[in-house]
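I have placed the structure first, in the form of structure tokens, so that the comments after it can refer back to it.
Since every read-out is calculated from the coordinates, none of them should be taken as a lab result. Bear in mind that the values here come from a model prediction, so they are computed numbers and not experimental data. Virtual Cβ from ideal backbone geometry, glycine too; neighbours counted across all protein chains shown.
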Amino acid sequence: MVQPAGPAAGPAPRDAAGPAPPAGAGFELLEHTADVGIRARGATLEAAFEQATLGLAEVQGALASGPGEPVPVQVAAADPGGLLVDWLNEVLWLAESRQAALAGVRVERVGDGTARGSVVLAAGGDAPDGTFVKAVTYHRLRVEPDPGGGWLAEVYLDV
């Protein structure tokens with residue numbers, strides 16, 4: 001008889017005394033290595049969003065210094081976690097579609113179901129030399145007050 005290895009091994013069997021599964025049947029828990037996480041902190045929720053945005057650009061190898069074009073960003077979602085995911089996905093799309101690197105970020109307001117601010121995008125530089133990011137995910141998403149003060153945001157990128 002196959003016994004569950006614990007809560008992470010799947011639901012409890014319907015009949016623990018029942019027959020063993022057929023040969024070749026069963027399941028395994030697999031590690032997922034196609035994600036990169038960012039942990040960002042800031043004195044305010046807006047500052048934590050800014051730091052997460054810089055973290056995204058760092059993963060991509062797409063941080064630039066110097067002048068660029070300010071581009072407004074505004075997203076809507078039901079909660080701060082959804083706002084962070086949507087904000088970062090919008091920044092990802094803007095940088096990718098304009099073939100530009102991130103030269104700056106300012107998050108003016110996060111609250112009441114919206115996040116608004118701007119990014120500064122610098123086009124024409126070297127191609128990003130980091131990891132290609134497919135999307136920002138809800139996997140293990142956390143946006144909450146930091147026990148040490150300020151705000152903590154954790155988000156994972158599908159790479």
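Quick notes on this one:
- Sites Asp79 and Asp126, calculated FRET efficiency, Cβ-Cβ separation with R0 25 Å, nearest 0.05: 0.10
- Binned Cα-Cα distance frequencies in segment 113-159 - 10 Å width, integer %: 18, 33, 37, 12, 0
- Loop-located chymotrypsin sites (Phe, Trp or Tyr not before Pro) in segment 79-132 (DSSP state not H, G, I, E or B) with no more than 13 neighbouring Cβ atoms inside 10 Å: Phe132.
- The relative contact order of segment 34-158, computed from alpha carbon pairs under 8 Å that lie at least 6 residues apart in sequence, is 36 percent.
- By DSSP, the beta bridges lying fully in segment 34-158 are antiparallel in about 95 percent of cases.
- Rounded to the nearest whole Hz, the Karplus-based 3J(HN,Hα) values (6.51 cos²θ - 1.76 cosθ + 1.60, θ = phi - 60°) of segment 151-158 follow the sequence 10, 10, 10, 10, 8, 10, 10, 7, with x at glycine and proline.
- Note on segment 91-131: Kirkwood radius taken over Cα pairs, Stokes-Einstein applied at 10 °C and 1.306 mPa s, translational D equal to 139 µm² s⁻¹.
- Paramagnetic label reach from Asp35 (point 7 Å along Cα→Cβ; backbone nitrogen cut-off under 14 Å): within segment 135-150, residues 135-143.
- With K and R counted +1 and D and E -1, the other residues having a Cβ less than 12 Å from that of Val133 yield a net charge of -3.
- For segment 126-141, 3J(HN,Hα) per residue [Karplus equation, 6.51 cos²θ - 1.76 cosθ + 1.60, θ = phi - 60°, Hz, x = Gly/Pro]: 5, 5, x, 10, x, 8, 5, 9, 7, 6, 8, 10, 8, 4, 6, 5
- Amide H contacts of His139 (H built 1.01 Å from N, under 5 Å, at least 5 apart or other chain): Tyr156
- In this simple spin-label approximation, Glu144 and Ala43 carry label points 7 Å from Cα along the Cα→Cβ vector, and these lie 2.4 nm apart.
- Close amide-amide hydrogen proximity is noted between Gly130 and Gly61, each under 5 Å apart and 5 or more residues distant or on a separate chain (H modeled in the peptide plane; Pro and chain starts excluded).
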